[in-house]
Amino acid sequence: MQIHIIDHPLIQHKLTIMRSKSTSSGEFRRLLKEITLLMGYELTRDLPLEDVEIETPLEKAHGKRVAGKKVGIVPILRAGFGMVDGLLDLMPSARVGVIGLYRDPKTAKPVEYYCKLPDVENRDFILVDPMLATGGSAVAAIDMMKSRGVKNIKFMCLVAAPEGVEVVNEAHPDVPIFTASLDRQLNDHKYILPGLGDAGDRIFGTK
Ligand code: PRP
Ligand code: URA
C-alpha cells in the first residue's frame, strides 16, 4: 500500500475533535481548513525554487523563491470544497477547478455531474476530498482529470480506508495519496470506521 500519512501532533489533535459527533459544523469547517493548511505545507515540500537578488534595508542579498510553478487545486464536490481555502492561503495564485461527483447511496458508486478545470498545460494538480472510502470517487475524479490532459496529480484526503487506498493505488499508481489518518475499515454501508461520519453533511450542516 502506497500512502503518505501526515500525522503531526497538531493534525492528530484537530482530527480527534473533528471525529467527535458533538463538534459543530462551524468548528468542523474551521478545523478542516486548519488541517488542510498544515498538510499543504508537507505536500508542497518538493516545489522548485529559484535564486533571486533582493535588497534588504542594509545590503544586496541572495534569496530563494518558488519558481513560478503553476498549481491547480481541485475539490471533489461537495466535501472537497472545505479543503480549498487552506491551500489557497498557502498558494494564493493557485487556480481552482471543480469536479462534481456524488456517491449513490444505494450502490456506493460515484455519479459524475460536473467538471471544470483551469488550463492544464504545465500545471501540477492537487485533488482534494476529505474522505477516501471505497476509492470510487477518487478514481473517477482522477480519470476525469487525466482524460482532460492532466499529467501530475497528488491526492489529498483527511481520512482514508485501507480498501480505498488499494483501489486508488491499483488504478492510478502514479498518483501519491496523502492523508492525515489511515483508519481501520469500511462498514457494511461503505462508511469509514472509526471515521467522522458524512463529511459533506458535517461541513454544510445538512442531513
Ligand atoms: C463522500 C466523500 C467522497 C466520497 C468518498 O462524498 O466526500 O467524495 O463520499 O467515498 P468513496 O471513496 O466510496 O467514493 P459524497 O458522495 O457523500 O458527496 P458529498 O461530498 O456531496 O456529501
Ligand atoms: N463519505 C463520507 O463522507 N464518509 C464516509 O465515511 C464515507 C464516504
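Determine the pairs where a residue that is open to solvent by 10 Å² or more (accessible area, probe 1.4 Å), located within the stretch 70-84, has a partner that is within 12 Å of ligand 2 (Cβ to nearest atom) and among the β-branched types (Val, Ile, Thr) with Cβ atoms under 7 Å apart, the partner being 6 or more residues away or on another chain.
Going by the 7 Å Cβ cut-off, the qualifying pairs are ALA79/ILE203; GLY82/ILE203.
One residue is enough: does the stretch 133-146 have a residue meeting the conditions under 17 Å from LYS69 (Cα atoms) and not hydroxyl-bearing (Ser, Thr, Tyr)?
Step one: of the stretch 133-146, the residues under 17 Å from LYS69 (Cα atoms) are none.
No, the stretch 133-146 contains no residue that is under 17 Å from LYS69 (Cα atoms) and not hydroxyl-bearing (Ser, Thr, Tyr).
Going through the stretch 102-112 one residue at a time, which ones are under 14 Å from ALA138 (Cα atoms) and either open to solvent by 80 Å² or more (accessible area, probe 1.4 Å) or under 15 Å from the mean Cα position of the chain (by Cα) (or both)?
TYR102, LYS109, GLU112 - these are the residues of the stretch 102-112 that are under 14 Å from ALA138 (Cα atoms) and either open to solvent by 80 Å² or more (accessible area, probe 1.4 Å) or under 15 Å from the mean Cα position of the chain (by Cα) (or both).
Test of understanding: among LEU196, LEU186, LEU182, which residue is in contact with a Gly (Cβ under 9 Å, 6 or more places away or on another chain) and within 16 Å of ligand 2 (Cβ to nearest atom)? Before you say what the answer is, go through the steps one by one.
Details: LEU196 fails: in contact with a Gly (Cβ under 9 Å, 6 or more places away or on another chain); LEU182 fails: in contact with a Gly (Cβ under 9 Å, 6 or more places away or on another chain).
Step by step, each of LEU196, LEU186, LEU182 is checked, and only LEU186 is in contact with a Gly (Cβ under 9 Å, 6 or more places away or on another chain) and within 16 Å of ligand 2 (Cβ to nearest atom).
Scan the stretch 162-184 for residues that are away from ligand 1 (no atom under 13 Å from the Cβ) and open to solvent by 60 Å² or more (accessible area, probe 1.4 Å) and jot them down.
Selection gives GLU170, PRO173, ASP174, LEU182, ARG184.
Under 22 Å from ASP174 (Cα atoms), surrounded by 13 or more Cβ atoms within 10 Å (Cβ to Cβ), of a type outside the set (Phe, Trp, Tyr) and touching a Cys at 6+ places or on another chain (Cβ under 7 Å): which single residue out of ILE99, ILE3 fits that description? Explain how you work it out, then say what you get.
Values: ILE3 fails: touching a Cys at 6+ places or on another chain (Cβ under 7 Å).
Matching residue, one of ILE99, ILE3: ILE99.
Do you know which of the residues in the stretch 11-22 that are buried (at least 16 other Cβ atoms within 10 Å of the Cβ) and not basic (Lys, Arg) is farthest from LEU43 (Cα to Cα)?
Taking the candidates together, the pick is MET18.
Only one of ASP124, ASP174, ASP129 is among the charged types (D, E, K, R), more than 14 Å from ligand 2 (Cβ to nearest atom) and touching a residue at least 24 places away in the same chain (Cβ under 8 Å); which?
Working: ASP174 fails: touching a residue at least 24 places away in the same chain (Cβ under 8 Å); ASP129 fails: more than 14 Å from ligand 2 (Cβ to nearest atom).
The unique qualifying residue is ASP124.
The values are calculated or read from the model by the stated rules, or taken from the named source; none is laboratory data. Only a predicted model underlies this, so the values are computations on that prediction, with no experimental measurement involved. FYI the Cβ positions are ideal-geometry reconstructions off the backbone, even for glycines, and counts take in every protein chain you see. The protein model used for the area step is the full one, side chains on, heavy atoms only, and it has no ligands, DNA or RNA in it. Shrake-Rupley method; radii C 1.70, N 1.55, O 1.52, S 1.80 Å.
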